[in-house]
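Structure first, commentary second.
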Amino acid sequence: MMAPEDAFRLLADGLGKAGTPHALDHLVERLATIFEGDHVLIGKLLSDHASIRTVAFWSRGSLQPTSVYELAGTPCEHVLSDQVCEFSESVRQRFPHSSMLQELGVESYVGIPLRAPEGHLVGLLAVLSGHALNMADYAPEVLRIAAAQAGAEMARRAEEEKRRSSDYRIQQLIYWDSVTGLPNRRYFMERLEEACEQARLRDSCLGLLYLDLQRFRQINDTQGHEFGDLMLAEIAGRFGAQAEPGEFVARLGGDEFMVLLTDTRPAAMAHAIERYRNSLLPPIQLAERSFSVSASVGAALFPRDADTAQSLFQHASIALNHAKRDNSRTRFFNATMADELHQHEVLEVRFSEALSQGRLSLAFQPQFSLKTGKLIGAEALCRWHDDILGHVSPGVFIPLAEEHGLIRQLGEWVLDAACQQLQTWEHQGKPFPGRLCVNVSAQQMDDPRLAEHIQRIATRIPPGKLGLELTESGLMRNPEQTVRITRALCNAGFSLAIDDFGTGYSSLTYLKRFAADTLKIDMSFVKDMLKSSHDHAIVATIIAMAQTLGMLTVAEGVEEAEQAEALRALGCTGVQGFHFGRPVDGDTFAELWL
């Protein structure tokens, strides 16, 4: 070995690289010079504690690739328990099963364990040579100093690797969808921003496809969310397999996916839509069952349809909403859609204000007995006249209320206003005969405490004066809950009518369980019952069924005397329609019929 001062100077030079990517490489090179050894290695102890992986290996004048060596049957095995392990000669004969010693032609060996600053074992440092090593008195000190530095460096790298792994997991959580493995909404929007900027600089076009799965929510609700996740993963795999160069697929959430197409044109976008939609044609096989799923697609093009990433996304979303209502299930964005959206937003804002500020009104359409000709009740109908928009049809604002979660608030307002009107007529000395009917929406029936809410609002009115009309489709959304609600209302004294009967499920099994006393025959059957034997038969069947069940019948939309006469002949109880009276405000109703 060289003189001590030269050795420690050279060691200090090697240690000076600590914290750099090649720190351990420099250290093994310097140790090879100090000990005049043919080979110097620093190995990391693997998790099985039965092998090491070289992290720095100097052999015969150059650095060597990473290798893995078994510890059993080698002097390295002894290093893990000894402070310094030295074999000055004949090491191959002592360890004949060590392939490393045999391959390198090693005759002498000295090694020392490597420990992290906290004390736990992380690996080993070894000097090997094809001749006897001349170990000076200071050699153990050199080895201890080098081992301390190497152990600290390996511990630092382990912490850095752990941090990088943690950062990677965080990145996964932030940017990737855990269910499908696709980029998530956040990742997609960042990518879209970058793509729009690049397209602007290159004067090229971007295409955006917004895909919404049909029937998925139904399958997810009936089969469970775990099953739904498996289906989403399968669909994501199919979409991913369709992606061509320049296409970026992501899952936004729920059953919505997005595809970004770079440097594209409308014709190419149409072909891409066909590709992705066709990937859903083969049924999805899960749990020995087969499911068919399709997709609605909205498409928008940058910069033709939008000049920012946010507006491009919004316009693709608008196109998707139109696609869901279109037979083709595909729509490309156009300017008319934006105008319609603006009008829809204005409508929604003004309706919300009208509802909260009490600017709605009720109209009342009379119902008469076909047997006596006397007034037996009326239906309360909501009306909205806006200062700017003018008269807005219930066919417009009621679906709007359902879409924006305002239908329950609207239903409570109508019920409260109807109760107020009954009180007003009573105070005017014009008591209302029969019952005043109020419509209950399907969404209101989703509330298990609906009966309690209605009773609370109607406390000031005798229950027999108030009737509730529920559509067949609304009743059948949750039949068992409907049975509980209708029975609770019946027990509280409210009368119940099934509205638009014959247009929904017409389930006799549940009809006899619902606590309803009246069937309202839908006007679509009444309208053509004199011309169509089919419609006449339906009306006759509904009336006969109601009579068998001990229920009343009220026919809607009666506009001709001949219709009324035919209904009377069939045994219909009551009628409602323009032939007998149009909907009017409360004061006019009192003047005409009270």
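The values are calculated or read from the model by the stated rules, or taken from the named source; none is laboratory data. Predicted model, so just to flag it, every value in this text is computed and none were measured. Counting neighbours? That spans all protein chains shown, and the Cβs are built from the backbone with ideal geometry, glycine included. All accessible areas refer to the heavy atoms of the entire protein, side chains included, with ligands and DNA or RNA removed. Shrake-Rupley method; radii C 1.70, N 1.55, O 1.52, S 1.80 Å.
Before moving on, here are some points about what is shown:
- Of all residues in segment 386-409, those being over 30 Å from the mean Cα position of the chain (by Cα) and over 18 Å from Leu362 (Cβ atoms) number 4.
- Residues of segment 13-55 satisfying the condition of being aliphatic (A, V, I, L, M), open to solvent by 10 Å² or more (accessible area, probe 1.4 Å) and not in a helix (DSSP H, G or I): Ala18, Leu45, Leu46, Ala50, Val55
- With respect to the conditions (1) under 38 Å from the mean Cα position of the chain (by Cα); (2) among the acidic types (Asp, Glu); (3) at pLDDT 90 or above, Glu562 falls short on a single one, namely (1).
- Residues satisfying the stated conditions in segment 459-469, i.e. open to solvent by 10 Å² or more (accessible area, probe 1.4 Å) and in contact (Cβ under 8 Å) with a residue 40 or more places away in the chain: Arg460, Ile461, Lys465
- In summary, Ser178 fulfils each of the numbered conditions (1) outside any loop (DSSP other than H, G, I, E, B); (2) among the polar types (S, T, N, Q); (3) open to solvent by 30 Å² or more (accessible area, probe 1.4 Å) with the single exception of condition (1).
- Some residue of segment 529-546 being open to solvent by 20 Å² or more (accessible area, probe 1.4 Å) and touching a residue at least 40 places away in the same chain (Cβ under 8 Å): no
- Neighbours by Cβ (under 7 Å, 6+ apart or cross-chain): first from segment 548-563, more than 21 Å from Gly467 (Cα to Cα) and touching a residue at least 12 places away in the same chain (Cβ under 8 Å); second surrounded by fewer than 21 Cβ atoms within 10 Å (Cβ to Cβ) and among the acidic types (Asp, Glu): none
- Residue match in segment 68-83 (condition: among the β-branched types (Val, Ile, Thr), more than 20 Å from Ala147 (Cβ to Cβ) and at pLDDT 80 or above): yes
- When we screen Leu320, Leu347, Leu355 for residues that are closer than 30 Å to Glu591 by Cα and assigned to a helix (DSSP H, G or I), the only hit is Leu355.
- Some residue of segment 341-363 being modelled with pLDDT of 95 or more and buried (at least 20 other Cβ atoms within 10 Å of the Cβ): yes
- Among the residues of segment 277-294, those identified as over 17 Å from Met258 (Cα atoms) and among the hydrophobic types (A, V, I, L, M, F, W, C) are Leu281, Ile284, Leu286, Ala287, Phe291.
- Residue in segment 416-423 that is more than 19 Å from Gly377 (Cα to Cα) and touching a residue at least 40 places away in the same chain (Cβ under 8 Å) present: no
- Of all residues making up segment 359-392, the number that are small (Gly, Ala, Ser) and under 16 Å from Gly586 (Cα atoms): 5
- Checking the stated criteria, Ala306 turns out not to satisfy the condition of being crowded, with 16+ Cβ neighbours inside 10 Å and touching a residue at least 40 places away in the same chain (Cβ under 8 Å).
- Count - residues of segment 196-207 that are in a helix (DSSP H, G or I) and in contact with a Phe, Trp or Tyr (Cβ under 8 Å, 6 or more places away or on another chain): 2
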